[in-house]
Amino acid sequence: MVGSLLKRLGYSLQANRKTLEGSGHADRDEQFQHIAGMVKDAIAAKQPAISVDTKKKELVGAFKNGGREYQPAGSPEPVNVHDFVDPKLGRAAPYGVYDIADDKGWVSVGIDNDTAAFAVNAIRLWWIDMGRERYSQAHTLTITADGGGSNGSRLRLWKVELQKLADELGLTIIVLHLPPGTSKWNKIEHRLFSFISRNWRGRPLTDYRTIVELIAATTSTAGHTAVPAG
C-alpha cells in the first residue's frame, strides 16, 4: 500500500547521481587552456606529449570483476564470495603512459606499491620501447598528470626521479599537473583506461599473465592500441 501511494505521488526508486562539483576556481578555464596550449605546441613541434596515471588497483585472483561477458546459458564463471586480498597474489597496480599524438598506450603492471620510482620507471620503459623510435629528434618531453598519487605535484620523490630521468635521457621534461578534482579530464582516463576496463569486463583477473594479455588485446575503434610492459 505504501509503495502504491508513493507511486501515485510521483515517487520512484532512484540511485544517487554525481552532479555536485563543489566550488570552482575563477581561473579554472584558463588553467585548462594553458595545459591544452602547451600540449598542442609540443605536438606541433613534433615533440612527445604524454598523459600518465595509475589505473585503479585490481585484485588478482578469482574475484568478481564488474560487467558482463558471454558465457553458456546458466553457466556463469564462479568467483570468490568475499573480496579478501590473496596474500600470495596481492593487487596489481597498472601505471599507464598514453602518447597523445600517436594514440598508443603503454602500461606497466606493478606487483608491489605504487611509488614515484615505479611511475617514473614506467615512463622510462615507454621511452625505451616506443617513444625513442617515434621521437628520434626529441629534446623535450611534456607530461600531463593529476595532482595526487605516485605522480603528485607535491611529492618530492616524483620530482627527484624525473630529474634523474631527464639527466639520463638528455631531455627537458615539462610536467603539467591538472587542478585538484579534475583528474577525470586527464586524457589517459578516457582514451586508455576506459577501453581496458571495457575489454576485461566480467573477466576475473585470475593471475598477472591474464592481466597482461587482456591489456595487450585492448584496442579502440579509432585505432588505439595498448602495450603492456608486464
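Among what's in segment 175-203 and is surrounded by 17 or more Cβ atoms within 10 Å (Cβ to Cβ) and among the hydrophobic types (A, V, I, L, M, F, W, C), pick the residue that is farthest from VAL60 (Cα to Cα).
The selected residue is LEU176.
Quick one: count up the residues across segment 82-100 that are without any contact (Cβ under 8 Å) to a residue 12 or more places away in the chain and basic (Lys, Arg).
1
Of the residues in segment 29-57, how many are surrounded by fewer than 19 Cβ atoms within 10 Å (Cβ to Cβ) and either closer than 30 Å to GLY90 by Cα or of a type outside the set (A, V, I, L, M, F, W, C) (or both)?
The number of residues fulfilling the criteria is 11.
Can you tell me which of ALA49, ALA42 is aliphatic (A, V, I, L, M), under 22 Å from HIS190 (Cβ atoms), in contact with a Lys or Arg (Cβ under 9 Å, 6 or more places away or on another chain) and in contact (Cβ under 8 Å) with a residue 40 or more places away in the chain? Full working, then the answer.
Working: ALA42 fails: in contact with a Lys or Arg (Cβ under 9 Å, 6 or more places away or on another chain).
One residue alone meets the criteria, ALA49.
Just to check your reading of the model, which residue among ARG8, ARG91 is touching a Lys or Arg at 6+ places or on another chain (Cβ under 6 Å) and of a type in the set (Lys, Arg)?
ARG91
Working only within segment 117-167, note down all residues that are of a type in the set (S, T, N, Q) and either touching an Asp or Glu at 6+ places or on another chain (Cβ under 7 Å) or closer than 22 Å to ASP41 by Cβ (or both).
So in segment 117-167, the residues of a type in the set (S, T, N, Q) come out as 121, 136-137, 140, 142, 144, 150-151, 153, 163.
Residues satisfying the conditions are SER136, GLN137, THR140, THR142, THR144, SER150, ASN151, SER153.
Let's see how each residue does on (1) in a loop (DSSP other than H, G, I, E, B); (2) touching a residue at least 12 places away in the same chain (Cβ under 8 Å):
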residue: ASN16; (1), (2): yes, no
residue: THR19; (1), (2): yes, no
residue: ALA26; (1), (2): yes, no
residue: PHE63; (1), (2): yes, yes
residue: PRO72; (1), (2): yes, no
residue: ASN80; (1), (2): yes, yes
residue: ASP102; (1), (2): yes, yes
residue: GLY105; (1), (2): no, yes
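Among the residues of segment 110-122, is any at negative phi, out of contact with any Lys or Arg (no Cβ under 9 Å at 6 or more places or on another chain), among the aromatic types (Phe, Trp, Tyr) and in contact (Cβ under 8 Å) with a residue 40 or more places away in the chain?
No - not one qualifying residue is present in segment 110-122.
Consider SER12 carefully, then state whether it is more than 25 Å from LYS184 (Cα to Cα), among the hydroxyl-bearing types (Ser, Thr, Tyr) and modelled with pLDDT under 95.
On the way: more than 25 Å from LYS184 (Cα to Cα): yes; among the hydroxyl-bearing types (Ser, Thr, Tyr): yes; modelled with pLDDT under 95: yes.
It is true that SER12 is more than 25 Å from LYS184 (Cα to Cα), among the hydroxyl-bearing types (Ser, Thr, Tyr) and modelled with pLDDT under 95.
Specify the residue that is farthest from the chain's Cα centre (by Cα); the eligible residues are those in segment 134-172 that are hydroxyl-bearing (Ser, Thr, Tyr) and within 20 Å of GLY96 (Cβ to Cβ).
Here the answer is TYR135.
Is one or more of the residues making up segment 16-28 closer than 28 Å to ASN113 by Cα, surrounded by fewer than 13 Cβ atoms within 10 Å (Cβ to Cβ) and either modelled with pLDDT of 90 or more or among the polar types (S, T, N, Q) (or both)?
Of the residues in segment 16-28, the ones closer than 28 Å to ASN113 by Cα are none.
No, there is no match, as no residue in segment 16-28 is closer than 28 Å to ASN113 by Cα, surrounded by fewer than 13 Cβ atoms within 10 Å (Cβ to Cβ) and either modelled with pLDDT of 90 or more or among the polar types (S, T, N, Q) (or both).
Please go through segment 204-230 and pick out each residue that is modelled with pLDDT under 90, of a type outside the set (A, V, I, L, M) and surrounded by fewer than 17 Cβ atoms within 10 Å (Cβ to Cβ).
Selection gives THR219, SER220, THR221, GLY223, THR225, GLY230.
Provide a single number: the residues in segment 130-172 that are buried (at least 17 other Cβ atoms within 10 Å of the Cβ) and of a type in the set (Val, Ile, Thr).
So the answer is 3.
Sort out which residues of segment 161-195 are at pLDDT below 95 and either over 30 Å from ASP29 (Cβ atoms) or outside any helix (DSSP H, G or I) (or both), and write them in order of number.
Hits for segment 161-195 are LEU178, PRO179, PRO180, GLY181, THR182, ASN186.
The values are calculated or read from the model by the stated rules, or taken from the named source; none is laboratory data. Keep in mind that this is a model prediction, so the values were computed, not measured. Every residue, glycine as well, gets a Cβ built from its backbone with ideal geometry; the counts of neighbours run over all protein chains shown.
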